[in-house]
Each structure stands twice: as structure tokens, then as C-alpha cells.
1. With the structure loaded, tell me whether VAL160 is in a loop (DSSP other than H, G, I, E, B) and β-branched (Val, Ile, Thr) or whether it fails that test.
2. When only residues in region 264-285 that are open to solvent by less than 30 Å² (accessible area, probe 1.4 Å) and more than 16 Å from VAL253 (Cβ to Cβ) count, which is farthest from the chain's Cα centre (by Cα)?
3. Go through region 312-347 and report how many residues are free of Cβ contacts under 8 Å to residues at least 40 places away in the same chain, crowded, with 16+ Cβ neighbours inside 10 Å, under 46 Å from the mean Cα position of the chain (by Cα) and not in a helix (DSSP H, G or I).
4. For SER231, indicate whether it is assigned to a loop (DSSP other than H, G, I, E, B) and of a type in the set (Ser, Thr, Tyr).
5. Within region 115-150, count every residue that is farther than 24 Å from ALA30 by Cα and either in a loop (DSSP other than H, G, I, E, B) or open to solvent by 20 Å² or more (accessible area, probe 1.4 Å) (or both).
6. Determine whether ASN361 is in a loop (DSSP other than H, G, I, E, B), under 17 Å from ALA279 (Cβ atoms), open to solvent by 10 Å² or more (accessible area, probe 1.4 Å) and out of contact with any helix residue (DSSP H, G or I) (no Cβ under 6 Å at 6 or more places or on another chain).
7. Can you tell me which residue within region 151-164, out of those that are over 20 Å from the mean Cα position of the chain (by Cα) and either among the small types (Gly, Ala, Ser) or open to solvent by less than 70 Å² (accessible area, probe 1.4 Å) (or both), is modelled with the lowest pLDDT?
8. Any idea how many residues of region 109-126 are on the phi < 0 side of the Ramachandran plot and free of Cβ contacts under 8 Å to residues at least 40 places away in the same chain?
Amino acid sequence: MSVFSVTKEHDLFGSTVVSNAFITDHMPSAPDNAVKVYLYGLMLNSDPGSDAADMETALGLSPEQILDAFRYLEKEGLVRIIDSGNIIIQYLCVNKPASVPSVRGRYAELVGKLQTVLGTRNLSGAELQKIFDWIDIFKFEPDAAVEIVRHCVEIKGSRVNINYMDAVAKRLAAERFLSLEDVSECFRIEADAMTGAAAILKRWRLSRRPTEDELEMYSKWINEWGFTDESIEYACKEVVGSDRPTFKYLDAVLSNYHESGTVSAEKMIEISHEQDVIAEITRRIYVIAGLSNRNPGSAQRQQVEIWYKDWKMSPELMFYAAEVASASVHPFAETKKLLGKWHSEGISGVSAAKDYIVRMNYHSETTGKSTAKKAVNKALKYDQRSYSMDELKKLGIDFGEDVYED
């Protein structure tokens with residue numbers, strides 16, 4: 001084993017033996033730096049009396065360029081890199097089979113395809129080594145490796161850094177996308193995500209590219225949760241009201257829909273209208289109960305949602321309960337108590353609720369006042385009926401003129 005070092009002084013009148021095999025088989029296709037480094041290192045390798053000098057200065061190359069050259073030479077089977085950190089190199093006999101076989105024949109077709117993709121850019125030995133590792137270590141199909149390079153060039157340009165390409169390859173390998181078909185499909189999905197995420201930013205009048213995190217979220221919404229572009233666009237309406245709309249906010253909105261099993265735009269619109277109905281019913285209950293100077297909170301809307309959706313109570317019945325409870329110190333709590341009693345007794349109509357009040361000689365527990373003979377708001381003297389969505393016109397909501405006036 002020969003340890004590579006650089007000399008400050010050496011015999012300028014000495015000679016270095018260069019194998020004819022190197023000159024005829026390797027030198028014609030080798031990059032210029034590789035030839036320089038090989039010959040200079042060969043000279044130093046044949047001079048056991050040399051001490052450490054600066055090869056960088058001697059050849060006008062950076063440490064990275066020198067190491068790249070040796071990596072190329074290692075692939076050619078001419079040297080072995082013992083320590084890349086200290087650049088310790090073993091020169092191999094050119095006339096004997098090298099312990100590190102030449103890859104020129106094996107990867108000749110791959111290199112040709114890469115060159116077609118890269119145009120005038122020539123990959124260094126170190127850059128080629130990384131791409132060869134995709135095939136040897138990660139087990140990519142050669143054409144899949146070419147597709148990775150093509151994709152990266154399309155995104156970053158022909159001067160794309162090899163480390164960026166290597167990161168993309170490792171991400172795909174981690175997901176076991178190793179064939180040309182799988183790699184191409186992954187890139188197609190990512191392209192769709194880029195288009196969709198960019199459309200959201202444009203909607204918010206943000207002139208920038210989506211971040212990696214934003215692309216990941218968009219891909220999750222489409223590919224994992226099953227939302228469509230139309231349903232995501234509809235959800236954006238709930239985010240526009242924010243001072244600074246973000247993908248994180250939109251993700252929270254879509255998460256709520258996803259947890260409820262709602263991913264289609266049609267179903268999302270239906271749910272949104274239903275929530276508008278519940279919000280309006282809650283507001284009117286507050287007005288009728290004498291709480292018009294307050295705003296109902298989410299807890300009150302959730303309670304009304306139980307009455308409306310789970311218990312199937314009509315708005316009229318809830319309004320009547322609010323009217324009866326209006327004399328209470330805590331009208332909404334009293335409304336809740338009344339509706340709970342009616343639900344347990346199967347009372348679902350206003351007429352039956354009125355009979356209950358008279359029959360039970362109902363007293364508000366908070367006021368002690370009898371409400372059995374209390375004058376009933378004239379708005380209660382309407383025939384009971386059900387409301388369609390078409391009748392609910394404030395944001396799709398309207399309870400009609402024959403119901404309580406504010």
C-alpha cells in the first residue's frame with residue numbers, strides 16, 4: 001500500500017514510469033483534471049523521499065477537484081481511496097485486474113443518456129459516482145436514475161447541484177419508488193401538487209412558489225384524504241376571512257371536514273349551509289329569549305345543533321321554548337331544560353308543548369313565576385310546519401315573516 005503525499009522538493013531530473021495501458025486505454029477519455037492528478041500523484045508515489053507539499057498549488061486545483069479526480073480514477077480501477085478526508089491514495093497496477101473494476105463499459109449507456117439530458121454540462125467523477133450509487137446501493141433502475149436527473153434539471157436548471165439530485169433520489173428510495181414507472185408517477189403527482197398549491201397562493205394574492213411543507217400538505221389533501229381541487233377551493237372561502245390566510249389554517253379546516261367523512265364540494269356546501277342554519281336558529285333563540293344584547297358562543301351553537309340534527313326538533317319548537325324561558329334569569333339554560341324534558345317525553349310539536357305547559361302548570365325554577373297563563377307571543381299562533389333550505393335565505397336562511405320578529 002502506498003500513502004499519497006505531496007512534496008515540496010523532489011528530483012526534477014528523475015523520471016516517472018507511466019503504463020502504456022493508462023495512455024492508450026484511460027487517458028483519451030479521462031477528464032483533464034484526472035490526467036493531471038494521476039500523473040502528478042504517480043510521480044510522488046515513485047518518490048519515497050518526498051515530504052508533504054501543496055498539490056493544490058502545484059496543479060492549481062482545489063481539494064474538492066483533486067478528490068473528484070481520484071474518485072474518477074478509482075472508478076477506472078487505477079487507484080483506491082484509503083481515506084478521502086486526508087486524501088490517502090493507493091495506486092493500483094494498471095496491467096493487473098483492478099480490485100475496483102472499471103465502470104466505463106457497464107455504465108456507458110447510462111452516461112450517454114445522462115449527457116443527453118444535461119446537454120453541454122459534463123458531470124465530474126464524484127457526481128457520476130453518486131448517480132452510480134443510486135443504482136448499486138439503492139437499486140434504482142438505470143432509466144429511473146436518468147429520470148431523476150431530468151426532473152431535477154427541469155426544476156433547477158442544467159447547473160443543478162448534485163447534492164440536490166442526491167436528496168431527491170434518497171427521498172424516492174425511502175418510499176421504495178425505484179422503477180421508472182414509479183418515479184415518473186411520483187413526479188407527476190408532485191407536479192399536480194405544485195399546480196394546485198400555486199393556485200391557492202394566487203387566490204390569496206401571494207406571488208411566490210409553494211414551500212416543501214405546503215406541497216406536502218396539498219399532496220396529503222388530494223392523495224391521502226381524497227379532496228378534489230373543487231372542494232379545496234370551496235374550503236378556501238373559510239380561510240379568506242383571515243387577515244393572513246395560511247396553508248396551516250386551511251389544513252385545519254380540511255381536517256375538520258375529513259374527520260366528518262366529507263370530502264366532496266357538494267357535501268361541504270351542504271354542511272356549510274347546515275351550519276349557517278344552526279347559527280341563525282341560535283341567534284333567533286337569543287333574541288326571543290331576551291338575550292339580543294349578547295352573542296351566542298360555540299357551546300350554544302353546538303347545543304342547538306344537537307336539538308336540530310340529533311333530536312330532529314323544529315325551529316318553531318325551539319323558539320317556543322325560548323319564549324317560555326324568557327322570564328327566567330338564565331333564559332338559555334331554561335330553554336335547554338324545557339327542550340330536554342320535551343325530548344324525553346317525545347314532544348316534537350308546538351301544540352303538544354303548549355299542552356305540556358298548561359298540564360304541568362309550568363313554573364320557571366329560577367323565577368318561581370307561573371308561565372301557564374302567560375300571554376303567548378302572537379307569533380306562536382301559526383300552524384306548525386317544516387322549513388326547506390330554500391326558505392332559509394340569509395346565507396340560504398329565512399324563517400319567514402310569520403315567525404318571531406326581532
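1. Values: in a loop (DSSP other than H, G, I, E, B): yes; β-branched (Val, Ile, Thr): yes.
When the stated conditions are applied, VAL160 passes them.
2. Narrowing region 264-285 to residues open to solvent by less than 30 Å² (accessible area, probe 1.4 Å): 265, 268, 272, 277-278, 280-282, 285.
From what is left, the residues that are more than 16 Å from VAL253 (Cβ to Cβ) are 277-278, 280-282, 285.
On the way: VAL277: 34, ILE278: 33, GLU280: 36, ILE281: 38, THR282: 37, ILE285: 42 Å.
Here the answer is ILE285.
3. 1
4. Numbers: assigned to a loop (DSSP other than H, G, I, E, B): no; of a type in the set (Ser, Thr, Tyr): yes.
Considered against the rule, which asks whether it is assigned to a loop (DSSP other than H, G, I, E, B) and of a type in the set (Ser, Thr, Tyr), SER231 comes out as no.
5. At the first step, the residues of region 115-150 found to be farther than 24 Å from ALA30 by Cα are 137-141, 143-144, 147-148, 150.
With the extra rule that they be either in a loop (DSSP other than H, G, I, E, B) or open to solvent by 20 Å² or more (accessible area, probe 1.4 Å) (or both), the set shrinks to 137-141, 143, 147, 150.
So the answer is 8.
6. Working: in a loop (DSSP other than H, G, I, E, B): yes; under 17 Å from ALA279 (Cβ atoms): no; open to solvent by 10 Å² or more (accessible area, probe 1.4 Å): yes; out of contact with any helix residue (DSSP H, G or I) (no Cβ under 6 Å at 6 or more places or on another chain): yes.
In short, no.
7. The extreme case among them is SER158.
8. We begin by selecting, within region 109-126, every residue on the phi < 0 side of the Ramachandran plot; these are 109-118, 120-126.
Remaining after also requiring free of Cβ contacts under 8 Å to residues at least 40 places away in the same chain: 109-117, 120-121, 123.
Summing the residues that are on the phi < 0 side of the Ramachandran plot and free of Cβ contacts under 8 Å to residues at least 40 places away in the same chain in region 109-126 gives 12.
The values are calculated or read from the model by the stated rules, or taken from the named source; none is laboratory data. The model shown is predicted, which means the values in this text are computed figures rather than measured ones. Positions of Cβ are generated from backbone atoms using ideal geometry, with glycine treated the same way; all protein chains shown enter the neighbour counts. Just the protein is used for accessible areas: all its heavy atoms, side chains included, with ligands, DNA and RNA removed. Shrake-Rupley method; radii C 1.70, N 1.55, O 1.52, S 1.80 Å.
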